[in-house]
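> A single structure is presented below for examination.
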Amino acid sequence: MPPAAPPHALRPDADGLAAADLVVTGEAVALELRPATVVHRVLAGAIDIGIYVAVTVALALGLSRLVTNEAQLRILVTVASVLMMVALPTAVETLSRGVSAGKLAVGTRVVRDDGGPVRFRQALVRALVGSVEIWLTFGGVATIAAIVDRRSRRLGDVLAGTYAVRVRGSELAVAPLLMPPDLAGWAELADIRRLPDGLALEARLFLSRTSALDPGVRAEIGRGLAAAVEPYVAPPPPWGTNPERFLAAVLVARRDREYRAGLVEEERSAAIAERTRRLPYGVA
């Protein structure tokens with residue numbers, strides 16, 4: 001293969017899309033996750049705050065009939081505040097995996113930095129930090145942080161490792177890769193180790209954006225990525241192999257092997273379960 005490109009050429013950013021905004025699935029399909037804008041976040045936050053306030057006020061009014069002294073009133077106010085600022089947001093985002101009424105209305109959701117759904121820990125951190133940057137500062141700190149951050153993250157997102165993405169029309173699946181016919185025989189016999197997630201993402205992103213790149217830049221990035229992938233492959237591809245076809249062959253071979261391994265594991269588990277079912281009761 002041709003000489004490698006310099007390291008700075010290994011991170012394409014076609015159409016202004018950074019690699020950090022894509023997630024590669026187990027089938028080597030890149031999902032484009034576009035961060036929500038500040039406007040989206042402010043609108044969603046305003047709707048959520050209105051709902052949380054309404055629910056909390058309704059509950060507080062219902063319980064206020066049980067209050068008989070000032071001490072009980074202070075306890076009620078404290079509990080209502082915690083419920084409104086922390087408990088409700090945490091419960092909603094945990095149970096809905098990052099979708100609240102406000103986010104549903106504007107078409108966004110909160111995901112982890114790796115694109116996965118948020119869990120209790122992330123939701124709790126977001127709510128705890130939000131009690132200060134949203135509720136106590138009337139959203140001023142959160143808005144400023146979102147304006148400054150490239151992904152429109154507030155401080156709670158930074159600490160929790162999350163960010164808001166646009167859901168409607170924002171997740172674009174890139175067509176699966178195909179094995180180059182001239183490399184099928186080599187790929188079948190080659191020892192191809194698992195690629196680091198970052199490197200696999202760069203290669204998949206590059207192959208999905210080649211048509212948008214300048215020919216010179218495209219060739220340089222292709223050589224650089226091929227040189228980075230080649231140490232994970234033995235034997236190397238035939239001399240003179242096009243870097244793009246080499247990258248496609250490696251990604252497809254890894255995808256197909258992982259898929260076949262998954263099928264074998266499923267069949268093995270099913271066979272074990274069947275043998276266990278046939279055993280007499282009480283025999284292990």
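> Confirm whether Ile272 is surrounded by fewer than 18 Cβ atoms within 10 Å (Cβ to Cβ) and of a type in the set (Val, Ile, Thr). Spell out the reasoning first.
Details: surrounded by fewer than 18 Cβ atoms within 10 Å (Cβ to Cβ): yes; of a type in the set (Val, Ile, Thr): yes.
Yes.
> Same structure, new question: Got at least one residue in segment 112-129 being assigned to a helix (DSSP H, G or I) and within 13 Å of Ile49 (Cα to Cα)? Spell out the reasoning first.
Residues of segment 112-129 that are assigned to a helix (DSSP H, G or I), as a first pass: 120-129.
Filter once more, so that each one left must be within 13 Å of Ile49 (Cα to Cα): 127.
Looking for residues that are assigned to a helix (DSSP H, G or I) and within 13 Å of Ile49 (Cα to Cα), one finds at least one in segment 112-129, hence yes.
Quick grid of which residues meet (1) over 28 Å from the mean Cα position of the chain (by Cα); (2) part of a helix (DSSP H, G or I):
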residue: Arg194; (1), (2): no, no
residue: Glu220; (1), (2): yes, yes
residue: Gly224; (1), (2): no, yes
residue: Ala249; (1), (2): no, yes
residue: Arg255; (1), (2): no, yes
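> What are the residue pairs meeting all of these: first residue in segment 138-153, first residue within 18 Å of Arg166 (Cα to Cα) and in contact (Cβ under 8 Å) with a residue 12 or more places away in the chain, second residue surrounded by fewer than 16 Cβ atoms within 10 Å (Cβ to Cβ) and basic (Lys, Arg), Cβ atoms under 9 Å, and 6 or more apart or on different chains?
From segment 138-153, no pairs qualify.
> Taking only pairs six or more apart or across chains, which ones have beta-carbon atoms under 8 Å, a first residue in segment 88-116 that is assigned by TED's automatic domain parsing to the domain that holds Val158, and a second residue that is in a helix (DSSP H, G or I) and hydroxyl-bearing (Ser, Thr, Tyr)?
If the second residue must be in a helix (DSSP H, G or I) and hydroxyl-bearing (Ser, Thr, Tyr), the pairs left are Leu88/Tyr52; Leu88/Thr56; Pro89/Tyr52.
> Could we say that Phe138 is farther than 18 Å from Arg41 by Cβ, surrounded by fewer than 16 Cβ atoms within 10 Å (Cβ to Cβ) and assigned by TED's automatic domain parsing to the domain that holds Val92 here? It would help to see each step written out before you state the result.
Details: farther than 18 Å from Arg41 by Cβ: no; surrounded by fewer than 16 Cβ atoms within 10 Å (Cβ to Cβ): yes; assigned by TED's automatic domain parsing to the domain that holds Val92: yes.
No: the conditions fail for Phe138.
> Return the total of residues in segment 203-227 being of a type in the set (A, V, I, L, M, F, W, C), surrounded by fewer than 23 Cβ atoms within 10 Å (Cβ to Cβ) and within 21 Å of Gly240 (Cα to Cα).
4
> Which pairs do you get when a residue that is closer than 14 Å to Pro180 by Cα, found in segment 233-250, comes within reach of a residue that is among the basic types (Lys, Arg) and not in a loop (DSSP other than H, G, I, E, B), reach meaning Cβ atoms under 8 angstrom, with the pair 6+ apart or on two chains?
Going by the 8 Å Cβ cut-off, the qualifying pairs are Pro243/Arg223.
> Here is a follow-up. Pairs, please: C-beta under 9 Å, at least 6 apart or cross-chain, first residue under 23 Å from Ser131 (Cβ atoms) and at pLDDT 85 or above and in segment 61-81, second among the charged types (D, E, K, R) and part of a loop (DSSP other than H, G, I, E, B)?
none
> Counting only residues that are within 22 Å of Gly240 (Cα to Cα), part of a loop (DSSP other than H, G, I, E, B) and not small (Gly, Ala, Ser), which one in segment 170-192 is modelled with the lowest pLDDT? Let's see the steps before the verdict.
Step one: of segment 170-192, the residues within 22 Å of Gly240 (Cα to Cα) are 177-192.
Now drop any that are not part of a loop (DSSP other than H, G, I, E, B), which leaves 177-180, 190.
Next cut, not small (Gly, Ala, Ser) only: 177-180.
Values: Leu177: 82, Leu178: 87, Met179: 91, Pro180: 91.
Here the residue is Leu177.
The values are calculated or read from the model by the stated rules, or taken from the named source; none is laboratory data. These numbers were taken from a predicted model, which means no experiment stands behind them. Glycine gets a Cβ as well: all are built from the backbone with ideal geometry, and neighbour counts include every protein chain shown.
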